[in-house]
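Okay, so here's the structure we're looking at.
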Amino acid sequence: MFPKSTQSQFWMFENEAALTVVKVKTNQAYIDSHMKEAPPEAAQEHFLSEQDESDVVFYFSVKMGEFCEKFKPPMPRYVRGTAFHYFKRFYLYNSVMNYHPKEILVTAVYLACKVEEFNVSMQQFVANVQGNQERATKIILNNELLLMQELQFHLTVHNPFRAVEGFLIDMKTRCNSVHSVDSFRPEIESFLDSVFLTEACMIYAPSQIALAAIIHAASRQKQNLDSYVTESLFGEQGEEAILHIITCVRNVRVMVKNIPEPTPNIKLLCTRLEQCRNQDNNPDSLAYKRKLEELVDEEDILQQDYIPPKQARLDSDSGDSSGVRALSPRDG
């Protein structure tokens, strides 16, 4: 199922370097389109760099994990996983300077709740948001369609949790050298929580991440799964397949081990972000309010020009073709 999924076809990359290439292009595209807004004497310093953006996204990824952990009612882990996928995908092709992460964060979690059928009302959801809950509701509703569009409506996410359960069941059946398999769960859950702070979910398949979590948990409990992996799981696939999976597992574990601490200058980055962000997408700005007013005005004009189909037919039947002309502006 996963190899044919939209996740596999559109949202998986060869390595971290390939992801960085995309992020650099996204960052530069924003700078190029907003250069005229920067002070002439310090144009480049006005904007965040690609590394600055990555630091901001990482900081808000940590905040997303904390938000999901404290969420009431308790949020299933697969909902968290889906929210992280949405958040990471969004900021591949969108700059934090264009859409602030604090607004996309709550929108990603809310959309994940809906897609994964974790049924909470908007009122229940925003009760978990600190601050102005009415404002949070408007932000989520205003950004929900944008988020889906930027995800190309690829909303189905394959998380590693189901694969973990499959491995644990298989180990109970075929791995006699390991005892108390269920005791691995706390370490597995902690490992997977950390995985979503890395780029692993956009490089490695869910089954590879799941196996990395299980091997990590076994090693923490001083239990060896080498024979299970090389003989029971991949013994029939040859040395090349075994070497490939061992490399993938090692790389995932290294990524988790090397998770950095949030940058100490995050407050300065957030201050700079407020100065260089796109004001058309800032709910607190006059530019944003003007844009909303223009949209409302356009809707009013469309409603005034709209002629109900029934009325158009009546006009046509009565010999007056003005209704038809109104619906066909190219007629001369």
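Derivation of every value follows stated rules applied to the coordinates shown; laboratory data play no part. All of these numbers come straight from a predicted model, not from anything done at the bench. Counting neighbours? That spans all protein chains shown, and the Cβs are built from the backbone with ideal geometry, glycine included.
So here's what we get for this one:
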{"read-out": "Compactness of the range 1-131, expressed as Rg and Dmax over alpha-carbon positions, Å", "value": "16.9, 54"}
{"read-out": "Above-threshold pairs, the threshold being 28 Å between Cα atoms, out of LYS102/LYS257; LYS72/LYS257; LYS70/LYS114; LYS23/LYS72; LYS23/LYS70; LYS23/LYS222", "value": "LYS72/LYS257; LYS23/LYS72; LYS23/LYS70; LYS23/LYS222"}
{"read-out": "Amide N proximity, the range 68-108 versus ASN119 label position 7 Å along Cα-to-Cβ, cut-off under 16 Å", "value": "73-74, 76"}
{"read-out": "Unit charges at the beta carbon, dipole of the range 97-246: most positive-side option, ALA212, PHE153, GLN123", "value": "GLN123"}
{"read-out": "Potential extension, GLU14-GLU134 segment - 0.36 nm per residue separation minus Cα distance", "value": "39.0 nm"}
{"read-out": "Within the range 47-152: Cβ-based charge dipole about Cα centre, in debye rounded to nearest 20 (Lys, Arg +1; Asp, Glu -1)", "value": "340"}
{"read-out": "Length added when fully stretched, ASP280-THR247, from 0.36 nm per residue minus Cα-Cα", "value": "7.3 nm"}
{"read-out": "The range 140-276 - Rg (one decimal) and Dmax (whole number), Cα, Å", "value": "18.8, 60"}
